[in-house]
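Everything on this sheet refers to the single structure shown next.
Throughout, read-outs are computed from the coordinates displayed, never taken from laboratory work. Worth saying up front: this structure is predicted, and the values here are computed from it rather than measured.
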Amino acid sequence: MQRAFQGFMLALMVAASMGTAIARPVVPAEKRFWSYDGKIPACDNPDVLSRLSDRFHDSESEYWNSSLQIVSYDQVKVSALRPWGLDHIPRNFCEGRAILNDKTVHEVYFSVAEDLGLIGMDFGVEFCLTGLDREYAYAPNCKMERP
């Protein structure tokens with residue numbers, strides 16, 4: 001009994017000495033020394049969808065020796081606007097359906113982020129099509145490309 005009480009008191013003293021964690025202040029990405037402007041193209045912006053289609057075609061033809069291409073999009077919408085907070089790189093998450101040239105329809109999940117394009121000079125697009133994540137980079141079922 002005495003030992004249990006001593007163990008409890010020791011644990012209580014350790015917890016009390018740790019105090020509360022000090023939270024860091026949230027500084028919006030737009031207010032940093034190397035700032036972002038927070039301007040991200042919309043999910044259904046033709047430039048965003050074109051970049052996604054081009055990257056998908058490049059990946060399919062170069063790595064998978066496939067002739068698959070995205071021919072159109074349907075039901076494109078925003079799923080989350082800057083879900084990780086203001087102090088992270090401005091990024092929006094989107095979803096929709098991609099219609100391929102083989103007449104199949106796949107759910108597409110993608111994110112559009114500021115300054116993550118070619119050498120950090122333009123917006124970047126990361127994407128995943130359900131059923132076509134062959135290297136399981138966003139497994140399971142494109143979950144890792146969602147917020």
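Each 10 Å bin from 0 upward holds the following percent of the Cα-Cα pairs of region 38-145: 15, 48, 32, 5, 0. Using the Karplus relation 6.51 cos²θ - 1.76 cosθ + 1.60 with θ = phi - 60°, the per-residue 3J(HN,Hα) values for region 61-72 come to 6, 7, 9, 10, 6, 10, 9, 5, 9, 8, 9, 6 Hz, with x marking Gly and Pro.
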